[in-house]
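Submitted below is the structure of interest, expressed as structure tokens.
Only the coordinates and a few stated rules stand behind these numbers; no lab work does. On a predicted model such as this, the values are computed, not experimentally measured, just so you know. For neighbour counting, all protein chains shown are included, and Cβ atoms are generated from backbone atoms with ideal geometry for every residue, glycine included.
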Amino acid sequence: MKIWRPDTEDETIDLTPMIDVVFLLIVFFMTVANMVTAEKKEVDMPVAIHSVIPEEFGGRNTVTVMRDGSLYAGVYPTDLDGLEEILKRERENDPELKVYIRADSYTEHQFVYDVMETCAGVGIYNVIFAAYQSDK
């Protein structure tokens, strides 16, 4: 009795699904990289002689204070009232909320003080500032 066997001449592997998956991974990582870099507005950071890199940086909400006093909560433009609402809402979700303030080196201190006062008014006392470390 003869057993039927398929022709063995066409034993190529179809790479189309693997190429599609690799292409989708490339698109995914490019999109995520754009989202990560989009979160930061360009500011001229101040230099601090005694600055210290925090041991625990993650889990902080970023507030950026621009040179003209405009505010950004993450990437979204806001004002002090809007910032207060955002921080209240975030603090309800996380009672141990921490804030990371990025201020331009030419920003008037009053604008930074207003942000710190808003944080304190909401009950957030764990605040750190962005600065470059000095070599001196």
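To the nearest 10 degrees, how steep is helix 109-122 against the longest Cα principal axis of the chain, on a 0 to 90 scale?
70
What full-extension length gain, to one decimal in nm, is calculated for residue 18 and residue 90 as 0.36 nm per residue of separation minus the Cα-Cα distance?
Values: separation 72, 0.36 × 72 = 25.92 nm, distance 4.12 nm.
Full extension from residue 18 to residue 90 adds 21.8 nm.
Ignoring chymotrypsin sites (Phe, Trp or Tyr not before Pro) that are buried or in helix or strand per DSSP, and keeping those with at most 16 other beta carbon atoms within 10 Å, what is the longest stretch of the chain between them? Please report the intermediate quantities before stating the final value.
Numbers: sites that count: 4, 57, 106, 125.
Maximal segment without exposed cleavage sites: 5-56.
Using the alpha-carbon atoms, what tilt in degrees (0 to 90, nearest 10) does helix 16-38 show relative to the longest principal axis of the chain?
Around 0 degrees separate the two axes.
Can you compute the helix-only [θ] at 222 nm over the chain? Use -39500 (n - 2.57) per DSSP H run of at least 4 residues, normalise by all residues, nearest 500 deg cm²/dmol. Could you put the intermediate results ahead of the total?
Numbers: 3 runs with 51 residues, N = 136.
Counting only the DSSP helices, I get -12500 deg cm²/dmol.
As I understand it, the dipole of the chain uses +1 on the Cβ of Lys and Arg and -1 on the Cβ of Asp and Glu, about the Cα centre. Which of 32, 105, 86 lies farthest toward its positive end?
Result: 105.
What angle, in degrees between 0 and 90 and rounded to the nearest 10, separates the Cα long axis of helix 80-93 from the longest principal axis of the Cα atoms of the chain?
With both axes taken from Cα atoms, the answer is about 60 degrees.
Now a separate question. Taking 20 °C and 1.002 mPa s as the conditions, I'd like the Stokes-Einstein D for the stretch 47-133 in µm²/s, using the Kirkwood hydrodynamic radius from alpha carbon pairs.
Working: Rh = 13.2 Å.
So the translational diffusion coefficient is about 162 µm²/s.
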